[in-house]
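A short write-up of the structure that comes next.
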Amino acid sequence: MRFPDFGTPECWRLDTPAQTLVFASWRKHLPSIVYWGAPLATGEDLTALADSQLRPIGNAVLDLVPELSICPEEGRGFQGQPGIRAYDSEGRVLLTQFRLESAGNDAGTLRFTARDEGCGLTYTAIFRCFPDSDVIEVEARLSSEGDLPVRAEWLAAPVLALPETAPDFIEYAGRWTQEFGERRVPFARGIHMREARRGRTGHDHFPALIVPQPGCNFDSGEAYGTTFAFSGAHRVIVEETPDGRRQCQMGVAEAVTLAKGEAVSSEKAYLAFSGSGLNGLAQSFQRHVRNHIVAFPEPARPRPVHYNCWEAVYFDHRLDVLKDLAERAARIGAERFVLDDGWFGKRDDDTTSLGDWHVDRRKYPDGLAPLIEHVEGLGMRFGLWVEPEMVNLESDLARTHPDWIILPQGREPMTGRGQHVLDLTNPAVTDHLFGRLDALLGEYRIDYLKWDMNRDLTLAIDRDGMPLLRRQVHAVYALIDRLREAHPAVEIESCASGGARIDYGILKRTHRVWLSDSNDAHERWKMQNAAMQFLPPEIVGSHVGPRHCHTSGRELAMAFRAAVAMTGHMGFEMDLRELTPDEEATLARYTQLYKENRGWMHCGSQHRLQPPRPEIMAQMSVSEEKDRFLAFSATMAVPHSETTGPLRLAGLDENGKYRLRLLNADEISPRATRWFGSPLAVPEGLALSGGALMRSGIVLPLGFPDTMWLVEGTREN
Ligand code: GLA
């Protein structure tokens, strides 16, 4: 038996302050990631490191361990999921054996180019470091040079080898009003695949994965994270092969055909490693969104408090009522009034008018100007809801351009919320939509669009029967980009029946996400705590909803609703006429608190806190200078024990001395806490070092379910 001689590998490394990646290529094969983790010493011998990873060969297997490279190839004997699957137009399998042609690191961007002449394909992988955020952006590209068209069924973004020591991984599942359902899945032999085929990112699958090493918690331990930046059909594969290795692949879940000279991108993914627990990972991703993904038109302007009229009036728009709501909202502290669905066409319910982006003169005889002027007179700016990708058959647009709708001939159509999707791959459609939106933004002082997308894409083919899941997403991106170029001062929110379109692809061109249609603060708190792994608070829309939640029927106290909302981008969304004077005063107080703290909260760090009891779910924000913080500790269920223990804080200056106060000591219910002796509850509060607060923690009162304690801390020295 002769085993192959691999020779000396070529090696490369990439570093950000918190991580090192080492790549090795043997015999000019595609490189493999042989190390990903905490920073390695500068002088590390990469060749020795790569060779130390060569695995033994057992019995009854190939005479080599097939490489789990950045694009594992079937043509190299890899028997798990390959990173590429391609055929020529005659159906022949393109069994690639890429040979590395060049590799180079240019100012933190490592690029590998490999060719397979026989298959007529070039594969490029790009790893771009962002030292300020500790995140690496990765992308693969495939281009075709052969004479026959190539059908790429699958092209994964550069593939990650996952640690074999981790017992499980974290992924996100959910549904409408239950987005960001964090769940732990044990690693097991075989494939775990999440495929979103719904034409939008999906409520059910925020495309991300976290792999915590054993013992990792919020504050300590090692964790790996990645997220895929595409707003449509995608696939995430986690696989453990029979040899025990593990890989993660992410890519677009739709085949593409490449003619000679054409190329396709895998779309981008982002990765980060943390040696400081899940919070360390969250901080990297949040920083990355702040510094490189979301670009606010006016970065210095604080995130304005919103008032959104949806759950107050739905489609029943009456100018006098809206003006009244605007006055009440402004009185409580709102700074932007968002006019939701119902202002256009003849939209009295959700069965008509999508596509007719003209002001409904029955409801607004003089257009939107009187409302906008009223809103501005109250010191607020004005935002407008639109859903440009959609159309109702009952609309002028559908009557005039039935061929613009994705309604394949001879197939029984189906609706979602009574509506259809426009074929945005047809330039006539996007030109028309651009024209309408551009005209609206030109005519009115609108500084914000809530861009909605309320149905899944089905029967997703264009007029020629060609697949369009991928192209439709790019067409939406192009439309938004064009609009932003024409109106750079306008902010855009990405909404899709709540949070069905949240990912770093859409966030590159928008400024806020509507996390969920659930304004139920109890559900929201869970979602927001999960979402903070990837999203900074200032882009996560969070509204104080009606007393009786419209999506769950729960009745929640104003203080709780308001406290949850103030940890995101705060807003109100209810009929303000229902507020009692007490509720209004509480809402105004929390809104003021949001305004006093948003400046530092929206550039500080967020930390999830290890709960002292299972019913507690807590997080805190710490300023960039670590000179102040706000901790939020919610009781989510009836307390488990007769009393409760200390909540350990996080992210503080070890030696700094902080003065702490329980901001809402007046909300201690004597029925839940009969006695609470901590100096936290007296006006002077208590002072302790950051070290003590992080290791010893503070005891908070017992709370009833769905109450929140707010603790403020200020550094004294
Ligand atoms: C979607 C959104 C809601 C609201 C309605 C309007 O469901 O998620 O917030 O804008 O559409 O029809």
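The values are calculated or read from the model by the stated rules, or taken from the named source; none is laboratory data. Being a predicted model, the structure only gives us computed values, none of them experimental. Heads up, the Cβs are rebuilt from the backbone with ideal geometry, glycines too, and the neighbour counts pull from every protein chain shown. Calculation scope for accessible area: heavy atoms of the full protein, side chains included, ligands and nucleic acids excluded. Shrake-Rupley method; radii C 1.70, N 1.55, O 1.52, S 1.80 Å.
Any residue in region 152-163 that is closer than 22 Å to ARG246 by Cβ, in a loop (DSSP other than H, G, I, E, B) and free of Cβ contacts under 8 Å to residues at least 12 places away in the same chain?
No; the residues of region 152-163 include none that is closer than 22 Å to ARG246 by Cβ, in a loop (DSSP other than H, G, I, E, B) and free of Cβ contacts under 8 Å to residues at least 12 places away in the same chain.
Please verify whether region 291-313 includes one or more residues that are away from the ligand (no atom under 16 Å from the Cβ), within 23 Å of GLY545 (Cβ to Cβ) and in contact with a Gly (Cβ under 8 Å, 6 or more places away or on another chain).
Yes, region 291-313 has at least one match.
Within the bounds of region 475-488, is there any residue that is under 25 Å from ASP517 (Cα atoms) and either surrounded by fewer than 19 Cβ atoms within 10 Å (Cβ to Cβ) or within 16 Å of the ligand (Cβ to nearest atom) (or both)?
Yes, the conditions are met somewhere in region 475-488.
Within region 87-115, count every residue that is in contact (Cβ under 8 Å) with a residue 40 or more places away in the chain and either open to solvent by less than 80 Å² (accessible area, probe 1.4 Å) or hydroxyl-bearing (Ser, Thr, Tyr) (or both).
11
Tell me, which strands (runs of 3 or more DSSP E) lie completely within region 488-549 with 1 or more residues that are small (Gly, Ala, Ser)?
By residue number, 491-494, 540-544.
With the structure loaded, tell me whether GLU583 is surrounded by fewer than 14 Cβ atoms within 10 Å (Cβ to Cβ) and either of a type outside the set (Gly, Ala, Ser) or under 23 Å from the mean Cα position of the chain (by Cα) (or both) or whether it fails that test.
no
Considering ARG501, ARG417, ARG399, ARG471, which residue is within 16 Å of the ligand (Cβ to nearest atom), over 21 Å from HIS511 (Cα atoms) and either out of contact with any Pro (no Cβ under 8 Å at 6 or more places or on another chain) or open to solvent by 10 Å² or more (accessible area, probe 1.4 Å) (or both)?
ARG417
Could you list, in sequence order, all residues of region 362-394 that are over 21 Å from HIS432 (Cβ atoms) and in a loop (DSSP other than H, G, I, E, B)?
Answer for region 362-394, where residues must be over 21 Å from HIS432 (Cβ atoms) and in a loop (DSSP other than H, G, I, E, B): ARG362, LYS363, TYR364, PRO365, ASP366, LEU378, GLY379, MET380.
Sort out for me the strands (runs of 3 or more DSSP E) sitting completely within region 1-98 that have 1 or more residues that are in the same structural domain as ALA223 (by TED's automatic domain parsing) and either in contact with a helix residue (DSSP H, G or I) (Cβ under 9 Å, 6 or more places away or on another chain) or among the aromatic types (Phe, Trp, Tyr) (or both).
Answer list for region 1-98: 84-88.
Evaluate the following for GLU145: is it surrounded by fewer than 18 Cβ atoms within 10 Å (Cβ to Cβ) and within 30 Å of ASN519 (Cβ to Cβ)?
no
Any chance you could count how many residues in region 614-635 are over 26 Å from ASN717 (Cβ atoms) and surrounded by fewer than 20 Cβ atoms within 10 Å (Cβ to Cβ)?
Number of matching residues: 2.
Given the condition within 16 Å of the ligand (Cβ to nearest atom), without any contact (Cβ under 8 Å) to a residue 60 or more places away in the chain and open to solvent by 40 Å² or more (accessible area, probe 1.4 Å), answer yes or no: does some residue in region 421-438 qualify?
There is no residue in region 421-438 that is within 16 Å of the ligand (Cβ to nearest atom), without any contact (Cβ under 8 Å) to a residue 60 or more places away in the chain and open to solvent by 40 Å² or more (accessible area, probe 1.4 Å).
Answer yes or no: is there a residue in region 48-57 that is surrounded by 17 or more Cβ atoms within 10 Å (Cβ to Cβ) and in contact (Cβ under 8 Å) with a residue 24 or more places away in the chain.
The answer is yes; a qualifying residue exists.
Being open to solvent by less than 10 Å² (accessible area, probe 1.4 Å), more than 30 Å from TYR270 (Cβ to Cβ) and not assigned by TED's automatic domain parsing to the domain that holds TRP176 narrows it down to one of ALA563, ALA530, ALA559, so name that one.
ALA563
Specify the residue that is farthest from ARG183 (Cα to Cα); the eligible residues are those in region 193-222 that are aliphatic (A, V, I, L, M) and open to solvent by less than 10 Å² (accessible area, probe 1.4 Å).
The extreme case among them is ALA196.
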